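One structure is given here, and the rest of the page talks about it.
The values are calculated or read from the model by the stated rules, or taken from the named source; none is laboratory data. Worth saying up front: this structure is predicted, and the values here are computed from it rather than measured. Reconstructed Cβ throughout: ideal geometry from the backbone, glycine too, with neighbour counts over all protein chains shown. The accessibility values were calculated without ligands, DNA or RNA, using every heavy atom of the protein model including side chains. Shrake-Rupley method; radii C 1.70, N 1.55, O 1.52, S 1.80 Å.
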Amino acid sequence: MSQPTTDYLSECRRLVETVQAQRAQIEQAADWFSNTILAGRMVHLFGSGHSRILVEEMWPRYGSFPGFNPIVELSLTFHNLVVGANGQRQAMFLENVSGLAERILRNFAITSEDSALVISSSGCNLVPIEIAEQFQSRGVPVVAIISHQHADATPPQRPDGKKLQDFADLVLDTGAPAGDAMVRVPGLDMPVAPGSTVGGAMLINCIKAEVAARLTAAGQPPKVLSGAALLGAKRAAEIFESAYDEHARRLAKLYAQVAPSTPVEEDK
């Protein structure tokens, strides 16, 4: 008799071991990110498709804190309707439009004090790759979250064959298998129940906890979003407002000195 729940949980235990084995890399990412936040700058987060989930896992939600800039393009991630306007077909197409990454980052005044986390399970879609490439060209250290097995098994979209990991200073592995899904059901040709979100969320929260420890040790404890059930309604509300205000002040720096526009020639 099939035991899909048992099988999935068994695979998740393997993901825990995969994340545990990357402790040194997690700590390196936390060093870079905490240095950025202590400098008053922001860690840029980017993911297209379902990788958006991990961007929002970092900030803003309970147990998270300012210092992160979630870059989420609705055209690449808002596919809840599946078909029709704003559907999945369009999002998957746009993920592989070269040049879109440059237009996205054109909105921000990025400096070498910043750092970046770019997420793509396959590491093969053009927009995340070019986002990482753009960050590196600006002297920004890039951490990538991919699935090594899935990335190795997926054909590259770029003509030069390069993938996200080729434009990352540090690569973290979710541990998800090729194809992402982890459970085989007898009589069904395709596996079900993906693992990249589970492995990725563990990586995100390990990094988050390590960054919080570094900020606190440096005398700048973060303003952590916390629920009324933990702190009481009044203090929880005060922290939310204070954290959002800090986010706004940090974000303002990204718009303060944006490079001047390049003139676009009109058609003759």
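Points to keep in mind about this one:
- Label point 7 Å beyond Cα of L251 along Cβ direction - residues of region 56-79 with amide nitrogen under 20 Å: 56-78
- Taking A248, A229, A29 in turn, the Gaussian network model of the chain (Cα-Cα springs below 10 Å) assigns the largest fluctuation to A229.
- Calculated on C-alpha atoms, the gyration radius of the chain divided by its Kirkwood radius gives an Rg/Rh of 0.99.
- Full-stretch length increase - E241, D160 - with 0.36 nm per residue and alpha-carbon distance subtracted: 24.5 nm
- Cα gyration tensor category, rounded, prolate or oblate, for region 163-268 with a/c compared to 1.5: oblate
- Distance between the 7 Å Cα→Cβ label points at Q220 and V72: 2.5 nm.
- If both residues of a DSSP beta bridge must be in region 80-204, then about 20% of such bridges are antiparallel.
- Size of electric dipole in the chain: Cβ of Lys, Arg +1 and of Asp, Glu -1, about Cα centre, debye, nearest 20: 580 debye
- Taking every DSSP beta bridge that has both ends in the chain, the antiparallel portion is near 10%.
- C-alpha center-to-center spacing [region 194-226, region 103-137] in angstrom: 21 Å
- Based on protein heavy atoms only, region 59-196 ends up with 44 Å² per residue of surface accessible to a 1.4 Å probe.
- Taking region 154-190 and a reference point 7 angstrom along Cα→Cβ of C12, the backbone N atoms nearer than 14 Å belong to 182-183.
- For region 1-58: accessible area per residue (Å², 1.4 Å): 49 Å²
- Within the accessible area of region 99-217 (1.4 Å probe), percent carbon and sulfur: 53 percent
- Counted charge near Q20, where neighbours are those whose Cβ lies closer than 14 Å (Asp, Glu -1; Lys, Arg +1): -1
- Extending 7 Å from Cα along the Cβ direction at Q136 and again at M92 yields two label points whose distance is 2.8 nm.
- The calculated FRET efficiency for the pair A24 and E102, based on their C-beta separation and a Förster distance of 25 Å, comes to about 0.15.
- Projected area averaged over orientations for region 98-221, convex hull of C-alpha atoms, nm²: 9.4 nm²
- The alpha carbons of region 37-141 give a radius of gyration and a Dmax of 13.9, 44 Å, in that order.
- Axial C-alpha extent at least 18 Å, average Kyte-Doolittle at least 0.0 - helices from the chain (DSSP): 196-217
- Within-13-Å neighbourhood charge of A153 [Cβ basis; K, R +1; D, E -1]: -1
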